[in-house]
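The values are calculated or read from the model by the stated rules, or taken from the named source; none is laboratory data. As the structure is a prediction and not an experimental result, all values here were calculated from the model. Note: ideal-geometry Cβ built from the backbone for every residue, glycine included; neighbour counts use all protein chains shown. SASA here: full protein model, heavy atoms, side chains in, ligands and nucleic acids out. Shrake-Rupley method; radii C 1.70, N 1.55, O 1.52, S 1.80 Å.
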Amino acid sequence: KLEYDKNFVIFDSSDQKTLIKECLKEVNLDEKLFPVQYIIAEISKAKNSLVEPKEYLNTYQTDFRLSKVGAVYSLYQKKLKLNNALDFDDLLVKTYELFTKNPDILDFYSRRFEYVLVDEFQDTNKIQYDLTKLLCSKYKNLFVVGDEDQSIYSWRGADFTNIFNISK
């Protein structure tokens, strides 16, 4: 349903670093000026905010540094696809895509989980929040636990205000 063979592979952090290094070379960027971990973190942040490469490039076209990150992001996604591979962030992104593009699949899973409990909800990011809403779309039986004062994952996109928004 998402144009991947069912025998797709998941790239771990080592595979991801190798592929990013390959992309940096292809777009002729110096790894010292654009560290691999920085690129990975920016791509992860974009994916967890549901920002695709094209949108990223459009948003940051006037920012020299981030436009270069966007070029690497775009090439990275193409190479993942060519390898029939996903990274860990893609597991969430592709699940979101699967649910939003295939109402029958969303219906199956939202019916399957009549009650949903999410602990540490203060540490959810945009895509986790959106997936939770989709999974609960049928029965609307959601219980979340969290404390905004204990949010520790803002560096990976966690947004403690999700606790306040969930009641909406």
* Give me the pairs, please: first residue somewhere in segment 152-167 and under 14 Å from residue 120 (Cα atoms), second residue anywhere and assigned to a loop (DSSP other than H, G, I, E, B) and of a type in the set (Asp, Glu), beta-carbon distance under 8 Å, and either six or more positions apart or on two chains. => none
* Structure fact -> Scanning segment 86-120 residue by residue, the ones that are aromatic (Phe, Trp, Tyr), touching a Leu at 6+ places or on another chain (Cβ under 9 Å) and over 26 Å from residue 150 (Cα atoms) total 4
* Answer with yes or no whether residue 86 is within 26 Å of residue 129 (Cβ to Cβ) and touching a Lys or Arg at 6+ places or on another chain (Cβ under 9 Å). => yes
* Structure fact -> Among the residues of segment 87-126, the number that are at pLDDT 95 or above and under 17 Å from residue 51 (Cβ atoms) is 12
* To do: Tell me which residues, restricted to segment 67-87, are of a type in the set (D, E, K, R) and buried (at least 17 other Cβ atoms within 10 Å of the Cβ).
  => 68, 87
* **Condition check for residue 64: in contact with a helix residue (DSSP H, G or I) (Cβ under 8 Å, 6 or more places away or on another chain) and either open to solvent by 50 Å² or more (accessible area, probe 1.4 Å) or not aliphatic (A, V, I, L, M) (or both)** => no
* Asked: Out of curiosity, is residue 16 polar (S, T, N, Q) and open to solvent by 100 Å² or more (accessible area, probe 1.4 Å)?
  -> no
* Asked: Looking at 45, 32, which one is closer than 20 Å to residue 157 by Cα, among the basic types (Lys, Arg) and open to solvent by 30 Å² or more (accessible area, probe 1.4 Å)?
  -> 45
* Structure fact -> The correct count of residues that are in contact with an Asp or Glu (Cβ under 8 Å, 6 or more places away or on another chain) and polar (S, T, N, Q) in segment 108-137 is 3
* Structure fact -> Across segment 145-165, the tally of residues that are outside any helix (DSSP H, G or I), surrounded by 18 or more Cβ atoms within 10 Å (Cβ to Cβ), over 16 Å from the mean Cα position of the chain (by Cα) and not small (Gly, Ala, Ser) stands at 1
* Cβ pairs under 8 Å, 6+ apart, first in segment 52-72 and farther than 17 Å from residue 40 by Cβ, second open to solvent by 40 Å² or more (accessible area, probe 1.4 Å) -> 67/57; 67/60; 67/61
